[in-house]
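Scroll down for the structure; my scribbles are underneath it.
Bear in mind that the values in this text are calculations on the coordinates, not laboratory data. Remember, it's a predicted structure, so these values are computed and weren't measured experimentally. Backbone-built Cβ (ideal geometry, glycine too); neighbour counts: all protein chains shown.
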């Protein structure tokens, strides 16, 4: 395993020896992994290698078996007592720390009984307590930003896959997370719709402020948007570095083999 | 036909109709009240059975299975004749409403359970990712999606309950069948009142089942 790149600032996300197993299957094996504020990290690797689980334990959708995850200086799954010891977190603490994180899912997971715009403003109103007019105005500007200015009142069933995913991105952005997770967000899309979604994410990456953690099979996209590419296999980071290095000059034989197989496709 | 007409005294039928309609009104009231109770109890039972706390989920699960596996009539007798021995004496109408609500609540809980299970994991995960509270996840995200497709199944139970409420005659609730029986006993003429009772049940049940069928078609289209 390579040395982590030097980081001038405190990481926004830090995994410390995080282990996650489903029965006998270990999907994260004492994983150490940092993300700097505003850093864009793409995670690549074979299917079933545990890439998605990194995002899922960070979103608190799966509970790690061991290790500590830090988000913006606070432990996610633990609470710190006065003497610094870590004890399991309660739901209140989870909700507080989880508020820093947003996620876009492979299968969109829009709320089908709500219009596009309500999908976007619902959480700001009910979770953040924003006044409805303000939340609606912001939802409008977010939908405009993802190119759906004419789709406010459409229900998800009336939208294409690419449009649904763009609503889902706007929905996650409305919560103003410091870290945004993208879990194979184009894998469920028809090929002709992939571009419009990647275009939106590319713009977000250029804007900069938000850290982004992307699990993707789109190698060209990963190369283009990321500050760092992580090759992940069998529950561990095999190799990581700037995209040029990973894609043009991978050092580890497993990385070489995986990229060779992917690029030959 | 003429033979039947000789047996069936239309004048008598008209004469007893107002009394039977009073009985029908009681039947409708007890059905609506029992169903409202069943709808609420069913939801609570379904939620309790899903609870991670096994001190809650297992007793409620056992209660549901027990109530589903014993006849309504036995439950009625138990509530009406046994509870007063332990100091709980309730009017027949209340006992009937509670028994119907509990009995059909267990059926409704299975409908709720299936409806809730039909909501994909992704909805729960999106709700969590957006940091909704557990309460709002239920009331704002899950139930609004789960309940509309259940309406036809719940409607069928409402109709079934409406007919089965005739069993409340056994504990002297003055509902439709009971009224017919009293009329029959008074004159030792059962044909006319009991035929009328059947016709009145049909007059409500059949149009209701047509409405439920329409709802079924509508939700089948929507999904």
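Using Cα pairs closer than 8 Å and at least 6 residues apart in sequence, work out the relative contact order for the range B:97-223, in percent.
Once divided by the residue count of the range B:97-223, the mean separation gives 23 percent.
Average projected area of the Cα convex hull of the range B:81-147, in nm²?
If I average the Cα hull's projected area over directions, I get 6.5 nm².
If you build the Cα gyration tensor of the range A:46-129 and take the root of 5 times each eigenvalue, what three semi-axes come out, in whole angstrom, biggest first?
In descending order, the three semi-axes are 27, 20, 9 Å.
Counting pairs of Cα atoms in chain B, how many percent are more than 32 Å apart?
Above the 32 Å cut-off, chain B has 33 percent of its Cα pairs.
Find, to one decimal place in angstroms, the Kirkwood hydrodynamic radius of the range B:95-223, where the mean of 1/r is taken over every pair of different Cα atoms and then inverted.
About 17.6 Å, per the Kirkwood formula over Cα pairs.
Nearest 0.05, what FRET efficiency do residue A:83 and residue A:16 give at R0 = 25 Å with Cβ-Cβ as r?
0.85
So what is the relative contact order for the range A:65-177, in percent, with contacts set as C-alpha pairs under 8 Å and at least six apart?
Relative contact order here is 29 percent.
Kirkwood Rh, Cα Rg: Rg to Rh for chain A?
0.97
Listing B:201, B:81 from the residue with the fewest other Cβ atoms within 10 Å to the one with the most, what is the order?
B:81, B:201
Percent of Cα-Cα pairs more than 13 Å apart in the range A:135-174, please.
43
May I ask what percent, to the nearest 5, of DSSP beta bridges between residues of the protein assembly as shown are antiparallel?
55
With N set to the number of residues, divide the alpha-carbon radius of gyration of the range A:1-100 by 2.2 N^0.38 Å and report two decimals.
Taking N as the residue count of the range A:1-100, the ratio is 1.09.
Taking Cα pairs under 8 Å and at least six residues apart, what relative contact order does chain A come out at, in percent?
25
Give me the compactness ratio for the range B:137-192, meaning the Cα radius of gyration over 2.2 N^0.38 Å.
Rg over 2.2 N^0.38 Å, computed on Cα atoms: 1.87.
Need the C-alpha centroid separation for the range B:150-223 versus the range A:181-204, integer Å.
56
Throw me the Rg/Rh for the range B:9-63, computed over C-alpha atoms with Kirkwood Rh, two decimals.
1.44
The protein assembly as shown: percent of C-alpha pairs farther apart than 31 Å?
Beyond 31 Å sits 58 percent of the P(r) for the protein assembly as shown.
Given the range B:44-132 reduced to its alpha-carbon atoms as identical point scatterers, what log10 I(q)/I(0) does the Debye formula return at q = 0.26 Å⁻¹?
Calculated log10 I(q)/I(0) at the listed q: -1.22.
At q = 0.12 Å⁻¹, work out log10 I(q)/I(0) for the range A:168-221 with the Debye formula, treating every Cα as an identical point scatterer and leaving solvent out; two decimals please.
Log10 I(q)/I(0), no solvent term: -0.26.
Just the projected area, averaged over all directions, of the convex hull on the alpha carbon atoms of the range A:95-226: how many nm²?
Approximately 7.6 nm², given one-decimal rounding.
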